[in-house]
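Shown next, in structure tokens, is the structure this report addresses.
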Amino acid sequence: MSAVSAPAPDDRPDPAVWRVADGPLVASTGQGPLAHVRLAVKDLFAVAGQRVGAGNPAWLAEARPKTAHADAVRRLLDAGAELTGIAQTDELAFSLAGTNPHYGTPANPAAPGRITGGSSSGPAAAVARGWADLGLATDTAGSIRVPASYCGLYGWRPTHGATPDGGLLALAPSFDTAGLLAHDPVLLRTAAEALLTPGDTTAPITRCMVDEELVSLAAPEVRASFEAACRALTLRTALPLAPARTGAAEHLEEWFAAFRTVQAAEAWERHGAWITRHPGALAPDVAARFENGRRVSAAERARAEQVLSDARKALDAVLPPGTALLLPATSGPAPLADAPPEEVEAVRAATLRLTCLASLAGLPAVVAPLLRVRSLPVGLCALGARGTDRALLDFVTDSRNPAHA
């Protein structure tokens, strides 16, 4: 694992955080709900006049400057944001660690000596260190939710397809989403509105659920903090908190295996030709995930896709509009930056079992920094029904304030 980068002097961008940060790349118009908000854009989105580097120098070397902004970038700029810089990502976004062997591991100010999580490591680090107010990132299997949890940030993974993906370098299109990271939930909610397609406001969240079988996937110390956070949340919102058996736990291993099969197959389908032409260009752990995708047969993929179709129907049935399923966002706090690879992989596997539910079902999820474990941040994740992004964001934003009689 690459060492954590030392904080760079104020006049020199940290290469573990920024790939391009030579002053604002696009100045704010000074108008709109995001006027003068500093935006860090993950290095998967097209920025006019810049190349997409995807966290890999070999990819960057062959890339050509883009002629137009990605749709999500354009919407945020149109809302008044300043494009402060292009922020780093794990290689081709196929990791949850944030430990890029080429550019370094960014420092995590919320958990010194520990990783930020990935693959949206650059936007998360930029926001956590106060170099940006807002991070435009992607989440396929947890790449917004994990950094939000590890860095003490708010994070939003939208309903699949609810935000624009034009000009975004894909990993696994069936699961890829463009979402946001921020310190301030009000800013997160405001910026989300710029990305969401205008539509009717969905019914508010009126009921919270906790499935203890799913919560048990987290470490014991996380579970204790989660229970306390849920009690505090119900006091602040005056919403009922109901124990529930969603049935997800009993199917989780089958669902998780199907998700990983389809994700890897789609990732190889997208990038396999380039990887074949560039042997040794990827870190071994990332290369191994793509290799798993190469080995997926058509029959295996078809079976996995059917499992996921059934899983989506099952989760839709137990998560009606107006309901939020509460979960720990990650299985534990951020691992140490010098943790052995096998420990990092074990944490990754445990966390993926929590994050894969929203990913495989295409559901919205919002992470709030409400848990503490040994002074380290861990996020609480609220999972909502398909298309209820606004209600879920409002719920998390309003949860900061005591309920009014």
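The values are calculated or read from the model by the stated rules, or taken from the named source; none is laboratory data. It should be emphasised that the depicted structure is a prediction, and the values quoted were computed from it without experimental measurement. Ideal geometry is used to build each Cβ from the backbone, glycine not excepted, and the neighbour counts take in all protein chains shown.
Is it the case that some residue within region 261-279 is assigned to a loop (DSSP other than H, G, I, E, B), in contact (Cβ under 8 Å) with a residue 12 or more places away in the chain and either under 23 Å from the mean Cα position of the chain (by Cα) or more than 29 Å from PRO123 (Cα to Cα) (or both)?
No, region 261-279 has no match at all.
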Report task. Starting from residues that are closer than 14 Å to THR330 by Cβ and surrounded by 24 or more Cβ atoms within 10 Å (Cβ to Cβ), keep the ones in region 109-119 and report whichever is farthest from the chain's Cα centre (by Cα). Result -> ALA111
Query raised in the report: Got at least one residue in region 225-236 being in contact with a Ser or Thr (Cβ under 9 Å, 6 or more places away or on another chain), farther than 30 Å from SER309 by Cα, of a type outside the set (Gly, Ala, Ser) and crowded, with 18+ Cβ neighbours inside 10 Å?
Result: yes
Report task. Give the residue, chosen from VAL296, VAL367, that is in contact with a Phe, Trp or Tyr (Cβ under 8 Å, 6 or more places away or on another chain) and either surrounded by fewer than 16 Cβ atoms within 10 Å (Cβ to Cβ) or under 22 Å from ALA267 (Cβ atoms) (or both). Result -> VAL296
Query - Hits in region 197-224 - residues which are assigned to a loop (DSSP other than H, G, I, E, B), over 21 Å from the mean Cα position of the chain (by Cα) and surrounded by 16 or more Cβ atoms within 10 Å (Cβ to Cβ) - result: THR202, ILE205, ASP211
Query raised in the report: Given (1) of a type outside the set (Val, Ile, Thr); (2) assigned to a helix (DSSP H, G or I); (3) within 18 Å of the chain's Cα centre (by Cα), where does ARG75 come up short, assuming only one miss?
Result: (3)
Query - Failed criterion for VAL307 (all others in (1) closer than 25 Å to ALA128 by Cα; (2) free of Cβ contacts under 8 Å to residues at least 60 places away in the same chain; (3) of a type in the set (A, V, I, L, M, F, W, C) hold) - result: (1)
Query raised in the report: Would region 92-108 turn up any residue that is assigned to a helix (DSSP H, G or I), touching a Gly at 6+ places or on another chain (Cβ under 9 Å) and either modelled with pLDDT under 95 or under 20 Å from LEU169 (Cα atoms) (or both)?
Result: yes
